[in-house]
């Protein structure tokens, strides 16, 4: 057989193998892209299912509050939260009206020592879980306060999820408090 013919056949065969490899590589890249898309879709579905379960559980608790005779406002339903928002002036209004209310201050001991609302219960936010038994469950409004509203929101969510029904997160916290304070 002619060496030139053999070289031509070998080159043609090499070209066919190269084309097959390139086609296989493109196909593998397409499959890899599809697998990535499916993986992202599955992760998104799992996140949606988790949010859905959490949302349903929150709604169940809101219905339980209504069944227990507690009022639920539209904002609570929209935001799927089990506590109400309050302003520092709401605490003053409760006290001025002679209604009993509890104030739970979740700030650090240093912040507490710098000034707090008279009669408030002090449990730093990091200690809420282990000192939960100290938080009153007597049906009075429970105003949860910190310096600015972030830690008290976390504590209010924690308490509401543990069955406390009359929880109010004080927005603006002690930074917005205009009433008297007690040092120490």
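Nothing in this text is a laboratory measurement; each read-out follows from the coordinates by a stated rule. What you see is a predicted model, and the numbers here were worked out from it, not measured in a lab. Ideal geometry is used to build each Cβ from the backbone, glycine not excepted, and the neighbour counts take in all protein chains shown.
If you run the Gaussian network model on the chain, springs between alpha carbon atoms under 10 Å, then out of 138, 127, 37 the most flexible one is 37. For the pair residue 80 and residue 127, label points projected 7 Å from Cα toward Cβ lie 3.3 nm apart.
Computed over the stretch 81-175, relative contact order equals 39 percent, with contacts defined as Cα pairs under 8 Å that lie 6+ residues apart. Based on Cα contacts under 8 Å between residues 6+ apart, the chain shows a relative contact order of 22 percent. In a GNM of the chain with a 10 Å cut-off on Cα contacts, which of 130, 61, 27 has the highest mean-square fluctuation? Comparing 130, 61, 27 in a Gaussian network model of the chain, the most mobile one is 27.
For the chain, compute Rg over Rh where Rg is the Cα radius of gyration and Rh is the Kirkwood radius from the inverse mean 1/r over Cα pairs. Display every interim value, and only then the final one.
Numbers: Rg = 31.5 Å, Rh = 20.9 Å.
Taking Rg over the Kirkwood Rh, I get 1.51.
Axis of helix 3-67 versus longest Cα principal axis of the chain: the two differ by about 20°, to the nearest ten degrees. The angle separating the long axis of helix 150-161 from the principal Cα axis of greatest extent in the chain is about 90 degrees.
Using only helices, what value at 222 nm comes out for the chain when you add -39,500 (n - 2.57) per DSSP H run of length 4 or more and divide by the total residues, to the nearest 500 deg cm²/dmol? Can you show the working numbers first?
On the way: 5 runs with 97 residues, N = 184.
Here the helix-only value at 222 nm equals -18000 deg cm²/dmol.
Distance between the 7 Å Cα→Cβ label points at residue 92 and residue 36: 5.8 nm.
Work out the FRET efficiency for residue 183 and residue 162 from their Cβ-Cβ distance, taking R0 = 25 Å, and round it to the nearest 0.05. Display every interim value, and only then the final one.
Details: r = 31 Å, r/R0 = 1.25.
That gives a FRET efficiency of 0.20.
Stretched out straight at 0.36 nm per residue, the stretch from residue 24 to residue 137 would grow longer than its current Cα-Cα span by 33.9 nm.
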